[in-house]
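Peer 1: Dropping the structure in here first, questions after.
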């Protein structure tokens, strides 16, 4: 069976030396990181050394003490595993309030996320004003006609997304006091009525920091754990906390970010829906970067309808983000016509080498039975040369720009400053080392060399999809989890993953649709049709209470 592509697979085997052999990636290497272990993992660090639980929960003590077990159960019947439209219907019918909704998720985070035998370590921080904001939504709901479906819904943000009133740490000790204004997508969420729940744990610096660390680890947040196999199954990275929290119903929806696989991987690994949009569809302004060439935020949800709603709520052109400005995509409604399609006549490419995977074969047959035309083909062997160097060179340039334009009052100007800071206390700040940051500091290239690296990667990635799509007249290519996320990243193709089942050791798997740029509406429609036909997602069994 093919192995999972995590961002770690792009970097852990390669030590960031500027050596062609160590920076060229082919398909087998892209799939070289297995997460199918059945033995309990060993971690250097599990629990956070930086989060003060008393301080975290002090703003909510009074309200939570009044939120009785009986009320919790009543709310749970209306909220647990429910979609945003179902939650909004309960609120419209007077069965539920936004305040109760916020208290429900706070209760679950307190119960399941830290300091017990089921703890998942998926949340780094909470919005101290969430109860007050939820009450305000309750006051406004009757007068807010035709409000966006995201109105009053708590949204968890990956902790590399700037949020006013909550530090944006990227999981790094260096950024514990990085107090900023809202990122553009957070502004859009708030304008549409969303409530920020808090910040999700992540693989530190979006998994481009230590090289030897497990996915889901950050100094600030500790080790995120997979609810389907705690300390047994990988969480996926880097948006691990976002994936875990949504899967275990600690949040209704969450935002992740992806450079190469960082939404698709944790979404697949935690049996939820994750969309990696076309670069430029959503703003990257105010998000701690790896690569301005490849980075994008994206929605992570339990259902496709919620994914479309959340994507819509973030959309809009940011004039300060060159990719967003160039794309020129104004606010879009991705959810209204979600059901207005079926799979009849749609042509999907199934990669022959993946047909060894029984869950993939079943999913392909599900699509075929729903009317889709399946074309099996041999994927061309294409390398992605200097992929790691692209990340090195971009982050060397992009992180200083983030500090200058979006950062709070932190004492750092570049990657080297962070390396020096961590070196003063590696035990707590960098227990797995900081090999990738050291690689960034050492790397350099002329403008022409950098342009050539980006051009080659884009051409190779585009060829990987474009050639079979043209030859076989395909609407999309079907993959597993994030196996081909590297190619989609450099080609700037969007992708969506949907739960398709579980392996013999209960590891979730996702069917991934990869389409042409700016086909998010179609991807969501196809994913919705597959989801409604199969309904394969199951709640992690230890997190049903």
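Peer 1: Using a 7 Å offset from Cα along Cα-Cβ at residue 142, what residues in the stretch 80-111 end up with backbone N under 19 Å from the label point?
Peer 2: Only 88-101 pass the distance filter.
Peer 1: Here's another thing I want to ask about it. Roughly what would the spin-label model give for residue 416 and residue 471, points 7 Å off Cα along C-beta, in nm?
Peer 2: Using points 7 Å along Cα→Cβ, the separation is 4.8 nm.
Peer 1: For Rg/Rh (Cα atoms, Kirkwood Rh), which listed value, (i) 1.01; (ii) 0.96; (iii) 0.94, comes from the coordinates shown?
Peer 2: The value matching this structure is (iii).
Peer 1: Apply the a/c threshold of 1.5 to the C-alpha gyration tensor of the stretch 236-284 and tell me whether it is rounded, prolate or oblate.
Peer 2: It comes out prolate by the Cα gyration axes.
Peer 1: Once you sort the root eigenvalues of the Cα gyration tensor of the stretch 101-179 as a ≥ b ≥ c, which label holds: rounded (a/c under 1.5), prolate (a/b larger than b/c) or oblate (the other case)?
Peer 2: Verdict is oblate for the stretch 101-179.
Peer 1: Quick one: which of 81-93, 124-136 comes out on top by average Cβ neighbours within 10 Å, and what's the full order, highest first?
Peer 2: The packing order, highest mean first, is 124-136, 81-93.
Peer 1: Now for a separate question. Which whole-angstrom value gives the distance between the alpha carbon centres of the stretch 203-244 and the stretch 64-119?
Peer 2: Using only Cα atoms, the two centres lie 25 Å from each other.
Peer 1: Moving on to the next point. Let me make sure I get this right: for the stretch 311-389, a, b and c are the square roots of the gyration tensor eigenvalues over alpha carbons, sorted descending. Under 1.5 in a/c it's rounded, otherwise prolate if a/b > b/c, else oblate. Which is it?
Peer 2: oblate
Peer 1: Further question on the same structure: If I model a spin label at residue 164 and residue 446 as a point 7 Å from the Cα along the Cα→Cβ vector, what separation in nanometres do I get?
Peer 2: 4.6
Peer 1: Can you grab the distance from the C-alpha centre of the stretch 469-525 to the C-alpha centre of the stretch 352-381, Å, no decimals?
Peer 2: Their Cα centres are 12 Å away from one another.
Peer 1: Between residue 81 and residue 353, how many nm apart are label points set 7 Å from Cα along the C-beta direction?
Peer 2: For residue 81 paired with residue 353, the spin-label model returns 3.7 nm.
Peer 1: Express the relative contact order of the stretch 7-543 as a whole percentage, based on alpha carbon pairs under 8 Å and six or more residues apart in sequence.
Peer 2: Normalised by residue count, the contact order of the stretch 7-543 is 17 percent.
No lab work stands behind these numbers, since they all come straight from the coordinates. Please read all numbers here as calculations on a predicted model, not as lab measurements. Glycine also receives a Cβ, built like all others from the backbone with ideal geometry; neighbour counts cover every protein chain displayed.
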